[in-house]
Amino acid sequence: MATALLHSFDSMVVAMLLFGLLLATFQITGANTGVCYGLLGNNLPPPHEVIDLYKHNNIPRMRIYAPVPEVLQALGGSNIELMVGVANEDLYNLATNMGTAYAWVQNNIRNYPTVNFRYIAVGNEINPPAWEANYLLGAMKNIHQAISESGLGNQIKVSTAFSAAWRILPSI
C-alpha cells in the first residue's frame with residue numbers, strides 16, 4: 001500500500017514538473033484582439049459611435065466586409081487597424097480587368113489616407129466549387145499589384161477567407 005502511494009506521489013510530481021516546463025515554454029505576447037463590424041441588421045448605431053466603442057474598449061483591430069464610405073470616414077485618424085473586404089461578386093471584374101483593380105484601390109483605399117489599412121480580404125468564404133473560386137487568385141494578384149504600385153505594398157497585405165465548409169478529405 002505504501003509503495004502504491006509513493007508511486008502515485010512520484011507520478012504526480014513528474015506530471016507537475018512537465019506541466020511547469022510546458023508553461024515555461026510559452027511566450028507571453030500582446031493580445032491580438034479584433035472584432036468584425038457587420039452592417040447587416042436593424043437599429044445599428046452610426047459608424048462614429050461604433051468607432052468610439054472600439055476605442056473605449058481598447059479594441060485595436062476591425063474587419064469590415066465591404067468598403068463602406070461612412071465607416072471609412074469614421075475610421076479616419078482612429079489608428080484602428082483595418083481589414084477591409086472585397087465582395088465575392090467583384091472578383092470576376094477584378095481578376096479580368098487591371099483597370100478595375102486600380103480603381104478599386106483608388107476609391108476604397110487611397111481616398112482614405114488617414115485610415116490604418118492593414119489587410120484586404122479578397123472575397124469572403126469562397127467555396128472552391130463555386131464560380132468565384134475561378135477568379136479568386138487573379139483578383140488577389142491584381143489587387144496586390146495595384147496596392148504595390150500605389151506604394152502601399154509594405155503596409156497592406158492581401159489575403160482571402162475560405163469557407164469553413166470546405167475540407168480536404170484525408171488520404172487513405
Net charge of Cβ neighbours under 12 Å - reference residue 139; Lys, Arg +1; Asp, Glu -1 = -2
By how many nm would the segment from residue 89 to residue 148 lengthen if fully extended, with 0.36 nm per residue of separation less the alpha-carbon distance?
-> 18.9 nm
Around residue 158, with a cut-off of 12 angstrom between Cβ atoms, what is the net charge of the other residues, counting Lys and Arg +1 and Asp and Glu -1?
-> +3
Please check which bits of the range 125-145 a label hung off residue 106 would reach, taking the label as a point 7 Å along Cα-to-C-beta and the cut-off as backbone N under 20 Å.
-> 139-145
Env charge @ residue 36, Cβ radius under 11 Å, K,R +1 / D,E -1, value +2
A correct fewest-to-most ranking of 144, 56, 48 by other Cβ atoms within 10 Å would be 56, 48, 144
So what J values fall out for the range 70-86 if you push phi through Karplus, 6.51 cos²θ - 1.76 cosθ + 1.60 with θ = phi - 60°, rounded to Hz, Gly and Pro as x?
-> 4, 5, 4, 5, 5, 6, x, x, 7, 6, 6, 6, 10, 10, 10, x, 10
Can you give the three extents of the C-alpha atoms in the range 34-159 along their principal axes, from longest to shortest, in whole Å?
-> 41, 32, 19
Segment residue 53-residue 79, extension gain: residue separation times 0.36 nm, minus the distance between their alpha carbons = 8.0 nm
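Every number in this text was worked out from the coordinates using simple rules, so none of it is lab data. These numbers were taken from a predicted model, which means no experiment stands behind them. No Cβ is skipped: glycine too gets one built from the backbone with ideal geometry, and neighbour counts run over all protein chains shown.
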